[in-house]
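Trainee: Following this message is one structure expressed as structure tokens.
Nothing in this text is a laboratory measurement; each read-out follows from the coordinates by a stated rule. Bear in mind the structure is a predicted one, so any value in this text is a computation, not a measurement. We place every Cβ from the backbone using ideal geometry, glycine too, and count neighbours over all the protein chains shown.
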Amino acid sequence: MDLTVVIGIEILYAVASLALISVGLAVVFGMMKVINLAHGEFMMMGGYATIVSVNLGINVFVAMLIIAPVVVGLIGLVVERLVIRHLYGRLVDTMLATWGLSLFFIGLATIIFGNTTTGISTPIPGVAIGNYQINGYNLFIVVVSVLLMIALYLVLGRTRLGLIARGTMQRPDMASSLGYSPERIYMATFFCGSALSGLAGAILAPLVGLVPTSGGAYIAKAFITVIAGGPSLIAGLVSSASVFGVIDQIFTFALSPVIGEVALLIAAVVLLRLLPQGITARFFRGRM
Amino acid sequence: MTFNRRQFLAAGTAMAGTGLMPRIGRAAEPIKLGSILDTSGIFDAYGKPMDRAMRLAVADLNDGGGLLDRPIEIRAYDTQSDMALYAQYAQQLTRQDQVDVVHGGILSASREAIRQTMRRSNTLYFYNVMYEGGVCDRNIFINGVTPAQQVEVLIPHAMKQSGKKVYVLAADYNYGQIMARWINKFVRDNGGEVVATDFFPLDVADFGSTIAKIQSAAPDLVVAPLVGGAHLSFFRQWAASGMKDRIPLASTTLGVGNEHKVLTAEEGDGIMVAYNYSQEIESPENDGFKAKWEAAGGNAGEINEFAISTYAGVMTWAEAVRQAGTAAHDPVVEALESGLSVDGPSGKITVDPQTHHAIADVRLMEIRDQKMQVLETLPQRQPMDTQAVCDLGANPGDNTQYEIDI
């Protein structure tokens, strides 16, 4: 019985962390159609922003939830102004440019922090479930992910700002003729996407050993999740993260972590063969 | 008499030339030491301290008047963590530079990329890294400890502290696979049982489900030969789930790249390890080495096992050259095979003539306050894994890396 609960929590955690890893990319790639290959590096920088802040004596939650997203968002803003804004609508070009950016950020982080592993310890103690001990921080990640999805849904679906953003992504010419500046809306959206990537990196930082190349570990999973999710931002993210998280964890428990990763990738291939436009092109259509 | 510029230059060059001439005749031809290490790229955390140690050793020898009254000259190449460059620079070292000895190589893949080139060109080769064991080749000398040397010491101690049921978590490549087999053997030899072994690809950073699985297996001890930054997450998540005080943990890799300084004291305290070197060794040699390291512009906190092995490797080679009275290949190999030993920061290191591996002190340590505190020193442990398959005395033409059956 205890083990069932523990497995259940681990599955929830796997789903939540996939959603968290992918949410920034979902905004930048899913909404804005910018293939951001530097997504992993934005997360890496969020992690470093957290570690540096904590080492300066700032409260770890402030560092993770406020400082890291703001710092990475600002970096994203600079990137958007200097590089991305020239490339809207040019899918392949954004891929090349952001790949270059990813190499640049890895190099920069290596120069500043060195090519060694750094990290901070987890701020939440372990929790006992019957005879089992689990990482209390995993529950924190689940809570943050759920709150983030709700917040995203409310902002995009229930506020005027969200409506304008979604409208601009679909028809920039119409938004423009209604008096909104697409350029500024793109800029703001990219800022939000980067900040979300930074937040994800910051929240995962206490769980891992961070190196400048850490971003590489996230990028593939993030793209798979977003692409398999399909056109709807939140419904797509939640549905594909659920499918992959559940499959990954079940195989990890039953067999081994290697098989878990293999199963995740096979599931992605099969899913995209059956639903080339993503889950939400067939199910939950028209949802947010 | 007037000089124009051309005459001045001609005369000046001639004078400078005659000034140099006698000195070339007088100064002895230098002995050339080749070095091939990743001092940039993803493995530079290992390569940089090794490079500094190599340069320190050569500077020490040159300050003492060189070897056989000849200075030592370094030919160092940075392989940029790119295996393809190893083959290329090995050709350069053996053909163009025609060095007398090569020190270097970090990953096993890099060693295997250059070992045959060194053998064919009859260039003496030192590999100064802890590795999975089994290389049998009369042209190579290996200075790092092998799995049996570590595990033979670590497992009985860890089992005495905990109990008979052991759970193994290993990195999924040849080092981890071979290490897991050795752990299995020594657990059985000490009357215990391995309840499960899990392997992890190098990029796995999420160990939540593994930690739950370990708890349902309820072992007395967890042994973790995990490798690299992503795997460091295990130690962190293990502590975060509160398991650290419930099941003791031992590792054969944690701390080699100074990982124990990345973990906080609460996360790392109590983890058992066994290596040849710790920065906490109290000996005049180690204190002197740390002082020299700082004097050369380094930070003594970055000294690791690989750096110490490299320093000892250069010193072992130098001692053999002194005894042989020449830097030529065959006499130096014979001198090394005489069972020669040197004293370094990590104690005495002796060449095992049968395998060309190192007989070294292995220290049982426990991580405390981000330091590897030495509990016990076991002097002069034999590389018994490689000894079981390799006898260069009986079979000097051997040229294989044996997979040791356990």
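Trainee: Quick one: Karplus J couplings for segment A:181-195, per residue in order, coefficients 6.51, -1.76, 1.60, θ = phi - 60°, nearest Hz, x for Gly and Pro?
Mentor: Each residue of segment A:181-195 in turn: 8, x, 4, 6, 6, 4, 4, 5, 5, 5, 4, 5, x, 5, 4 Hz.
Trainee: Shifting gears a bit: Just checking the output field for B:197-205: average partner chain Cβ neighbours within 10 Å of each residue's Cβ?
Mentor: 4
Trainee: Let me ask you something else. Select from B:Gly344, B:Gly47, B:Gly325 the residue whose mean-square fluctuation is largest in a Gaussian network model of chain B (Cα-Cα springs shorter than 10 Å).
Mentor: B:Gly325
Trainee: While we're here: Calculate, for A:Leu154 and A:Ile66, the FRET efficiency according to 1/(1 + (r/R0)^6) with r their C-beta to C-beta distance and R0 25 Å; round to the nearest 0.05.
Mentor: 0.80
Trainee: Further question on the same structure: Taking N as the number of residues in segment B:304-357, what value does Rg over Cα atoms divided by 2.2 N^0.38 Å take?
Mentor: In units of the globular-protein estimate, segment B:304-357 measures up at 1.09.
Trainee: For B:Tyr275, which sequence-distant residues (separation of 5 or more, or a different chain) have an amide H within less than 5 Å of its own amide H, given hydrogens modelled in the peptide plane?
Mentor: Long-range HN contacts for B:Tyr275: B:Arg363, B:Met365.
Trainee: Within the P(r) computed for segment B:37-151, what percentage of the Cα pairs occupies the region above 16 Å?
Mentor: Of the Cα pairs, 61 percent sit more than 16 Å apart.
Trainee: Want the number for A:Asn59 to A:Val127: 0.36 nm per residue separation, take away the alpha-carbon distance, what's left?
Mentor: 22.3 nm
Trainee: Between B:Asp391 and B:Lys348, take the C-beta separation as r, use R0 = 25 Å, and let me know the FRET efficiency to the nearest 0.05.
Mentor: Once rounded, the FRET efficiency stands at 0.60.
Trainee: Please report, largest first and rounded to whole Å, the three semi-axes of the ellipsoid equivalent to chain B, where each semi-axis is the square root of five times an eigenvalue of the C-alpha gyration tensor.
Mentor: Calculated on Cα positions only, the semi-axes equal 44, 23, 19 Å.
Trainee: Which parts of segment B:338-370 would a label at B:Tyr402 reach, counting a residue when its backbone N lies under 19 Å from a point 7 Å out along Cα-to-Cβ?
Mentor: Residues B:351-360 qualify, since their backbone N sits under 19 Å from the label point.
Trainee: Taking every residue in A:203-214, how many Cβ atoms of other protein chains lie within 10 Å of its Cβ, on average?
Mentor: Counting other chains' Cβ atoms within 10 Å and averaging over A:203-214 gives 5.
Trainee: If you count the DSSP beta bridges with both ends in the protein assembly as shown, what percent of them are antiparallel, to the nearest 5?
Mentor: The antiparallel fraction comes to roughly 45 percent.
Trainee: How far is helix B:174-189 tilted, in degrees, relative to the longest principal axis of the Cα atoms in chain B, given as a value from 0 to 90 rounded to the nearest 10?
Mentor: Around 50 degrees separate the two axes.
Trainee: By how many nm would the segment from A:Lys33 to A:Val270 lengthen if fully extended, with 0.36 nm per residue of separation less the alpha-carbon distance?
Mentor: Working it through step by step, the gained length comes to 82.9 nm.
Trainee: Take every residue in peptide A:116-129, count the Cβ atoms of other chains within 10 Å of its Cβ, and give the average of those counts.
Mentor: Across A:116-129, the average partner-chain Cβ count within 10 Å equals 6.
Trainee: Connecting C-alpha atoms closer than 10 Å in a GNM of chain A, tell me which of A:Phe253, A:Phe140, A:Phe42 has the biggest fluctuation.
Mentor: A:Phe253
Trainee: Under 5 Å between amide hydrogens, which residues at least 5 positions from B:Leu124 or on another chain qualify, with H placed 1.01 Å from N in the peptide plane?
Mentor: B:Val102
Trainee: Take each of the peptides A:268-275, B:382-389, B:133-140, average the number of other beta-carbon atoms within 10 Å over its residues, and list them starting from the highest.
Mentor: Order by mean packing, descending: B:133-140, B:382-389, A:268-275.
Trainee: Another question, if that's okay. On full extension of the chain, what length is gained from A:Ala220 through A:Asp93, given 0.36 nm per residue of separation minus the C-alpha to C-alpha distance?
Mentor: Stretched out fully, the A:Ala220 to A:Asp93 stretch lengthens by 43.8 nm.
Trainee: Report, as a whole number in µm² per second, the diffusion coefficient that Stokes-Einstein gives for the protein assembly as shown at 4 °C and 1.567 mPa s using the Kirkwood radius over alpha carbon pairs.
Mentor: In µm²/s, the coefficient rounds to 47.
Trainee: What ranking do B:65-72, B:213-220 get when scored by the average of other Cβ atoms within 10 Å per residue, highest first?
Mentor: Taking the mean over residues of other Cβ atoms within 10 Å, the ranking is B:213-220, B:65-72.
Trainee: In nm, give the distance between the simple-model label positions of A:Leu74 and A:Arg282, each being 7 Å from the Cα along the Cα-to-Cβ direction.
Mentor: A separation of 4.6 nm, rounded to one decimal place.
Trainee: Check the protein assembly as shown for me: any Cys whose beta-carbon has no other cysteine beta-carbon within less than 4.7 Å?
Mentor: For the protein assembly as shown, the answer is A:Cys192, because their Cβ atoms have no other cysteine Cβ under 4.7 Å.
Trainee: Then there's this: Which residue fluctuates the most in chain B, going by a Gaussian network model with Cα springs under 10 Å, if the choices are B:Lys261, B:Lys160, B:Lys290?
Mentor: Of B:Lys261, B:Lys160, B:Lys290, the most mobile in the Gaussian network model is B:Lys160.
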